[in-house]
Each structure stands twice: as structure tokens, then as C-alpha cells.
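Following: one structure in C-alpha cells, then a few remarks.
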Amino acid sequence: PTEMVSIRPSPAKERPPSTPLADVLAALAYIRTEPAIAALVLLGFLVPVAGIYFAMMPVYAREVLNVGAGGLGMLAASFSTGSLLGSVYLTARGSMSRRSSKLTLVGATFGAGMMVFALSHSFALSCGISFLMGVSAGFWLNLLTALVQLVSVPEMRGRVASVSTMAYQLVGLGWLVGGTLASLLGLEATVFAGGIVFAGTSIAVFAVSKEMRGID
């Protein structure tokens with residue numbers, strides 16, 4: 001069974017009526033008391049950084065790689081295929097050890113992929129890097145989501161997952177930030193900087209949070 005499937009629902013318990021805002025506040029209060037969960041939720045807020053890559057992909061296809069709409073489709077398809085395979089692998093792999101280490105490794109790999117993509121002027125290399133980034137992203141996002149739920153106590157699991165999912169919805173913010181920075185710093189510098197932030201934060205959070213390392 002996968003990490004997600006291994007999560008068993010807790011027995012139903014009655015609790016006082018609540019509101020969405022109260023649930024979010026309760027989740028935030030709980031997250032502040034649990035350093036391992038706080039570290040994982042923080043990593044979820046790297047999703048907007050990944051959004052920089054998606055925002056810049058059409059510009060790369062047109063202005064750097066000169067491959068037009070068809071090439072853009074190939075780049076997007078390479079990433080999507082890799083993401084599918086990464087998710088399938090995680091599903092087939094099921095339970096694993098050293099989960100936080102693997103999460104950090106694939107996060108660093110995704111960031112490194114952004115940096116290589118930023119400097120690439122080869123369409124074949126860019127497609128290959130997009131594929132590798134897709135594999136990393138599919139593995140990273142699914143494993144992160146599973147760990148957030150597995151580490152949370154049953155009565156807070158849904159509320160913590162909701163807060164974590166909010167970060168994923170901010171991917172569009174990366175488009176805004178990416179476009180703004182590209183106009184100020186240039187295309188390659190923006191994507192390269194995004195890769196540094198993604199990989200660097202992944203490694204730094206793992207290095208600083210002994211609680212996260214203790215998940216294994």
C-alpha cells in the first residue's frame with residue numbers, strides 16, 4: 001500500500017460545531033507546536049517558486065529555444081509525463097524508509113533542474129530536464145502531502161492538510177513573481193534564482209529541523 005493509502009481514518013468523534021476560520025486558526029496553532037509539521041508545511045510554500053518555471057516556459061520556447069507552439073507542447077508534455085511516472089513510482093513503491101531524506105533529495109533535484117533549464121539553449125536538453133523535473137515534482141508533491149497527514153494527529157489531520165493545500169493553490173503567484181522578476185532581472189536569472197531558492201530551502205529545512213529528520 002502507498003503512504004497515502006496507509007493512512008487509516010480515526011473513529012468518528014463528535015466535536016463542537018465550528019467554522020472554517022476557526023478550523024484554520026486551530027490548525028495554525030497546532031502547527032506552531034509541532035516543528036516537524038511546521039517544516040513540512042513550510043516546504044509546501046515552495047510551490048509558488050515552482051510556478052516561476054511554468055510561467056517562463058512559453059517565453060523560453062519562443063525566445064530562447066525558438067521552437068514555437070509545437071516545442072512548447074513538447075516541453076509541457078515532457079514535464080507531465082515525468083510527473084505521471086514519478087507519481088506512479090511512488091504508488092508502486094509503497095512504504096519506504098528515510099522519507100524526509102528522499103523528500104529533500106527530490107526537492108533539491110527539482111531546484112537543480114530549474115537552474116540547468118535556465119541555462120539551456122538545447123531543445124533536447126530542455127525536454128530532458130523538463131522530464132526529470134516532472135519526475136521529481138510528482139514524487140515530491142505526493143510524498144509531502146502524505147507526510148503532512150501521517151505526522152499529524154488524527155483529530156487535526158484534515159485541518160492541517162487543508163492549510164498545507166492552501167500553499168499549493170498559490171502556484172499562480174509564481175507566475176506573477178516570475179513575470180515581474182523577468183522584466184527586471186532577465187529570463188535566465190529569474191529561473192536560475194528560482195532554482196536556487198527551491199533547492200536551497202529544501203536542503204536548509206532538512207538541515208535545520210531535527211524533528212523533520214526524525215520522521216524516518
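The values are calculated or read from the model by the stated rules, or taken from the named source; none is laboratory data. Bear in mind that the values here come from a model prediction, so they are computed numbers and not experimental data. Counting neighbours? That spans all protein chains shown, and the Cβs are built from the backbone with ideal geometry, glycine included. Note: accessible area is taken over every heavy atom of the protein model, side chains too, but ligands, DNA and RNA are not part of it. Shrake-Rupley method; radii C 1.70, N 1.55, O 1.52, S 1.80 Å.
On the basis of being farther than 19 Å from VAL153 by Cα, assigned to a helix (DSSP H, G or I), of a type outside the set (A, V, I, L, M) and modelled with pLDDT of 75 or more, does TYR53 make the cut?
Judged against the criteria, TYR53 is a match.
For region 30-46, give me each residue that is assigned to a helix (DSSP H, G or I) and open to solvent by 20 Å² or more (accessible area, probe 1.4 Å).
TYR30, ARG32, THR33, PRO35, ALA38, LEU42
Is there any pair linking a residue in region 107-129 that is under 13 Å from VAL64 (Cβ atoms) to one that is open to solvent by 40 Å² or more (accessible area, probe 1.4 Å) and of a type outside the set (A, V, I, L, M, F, W, C), with Cβ under 6 Å and at least six apart or on different chains, and which?
ALA118/GLU188
Restricting to region 145-170, name every residue that is under 12 Å from the mean Cα position of the chain (by Cα) and open to solvent by 50 Å² or more (accessible area, probe 1.4 Å).
Within region 145-170, THR165, GLN169, LEU170 qualify.
Return the residue satisfying two criteria in turn: it lies in region 198-211 and is touching a helix residue (DSSP H, G or I) at 6+ places or on another chain (Cβ under 7 Å) and buried (at least 16 other Cβ atoms within 10 Å of the Cβ), and of such residues it is farthest from MET114 (Cα to Cα).
Going through the qualifying residues, I end up with GLU211.
Only helices (runs of 4 or more DSSP H) wholly contained in region 117-216 count here; list those with 2 or more residues that are in contact with a Gly (Cβ under 6 Å, 6 or more places away or on another chain) and of a type in the set (Asp, Glu).
Once the helices (runs of 4 or more DSSP H) in region 117-216 are filtered for at least 2 residues that are in contact with a Gly (Cβ under 6 Å, 6 or more places away or on another chain) and of a type in the set (Asp, Glu), nothing remains.
When the residues of region 58-75 are narrowed to those that are without any contact (Cβ under 8 Å) to a residue 24 or more places away in the chain and assigned to a helix (DSSP H, G or I), which ends up surrounded by the most Cβ atoms within 10 Å (Cβ to Cβ)?
ALA61
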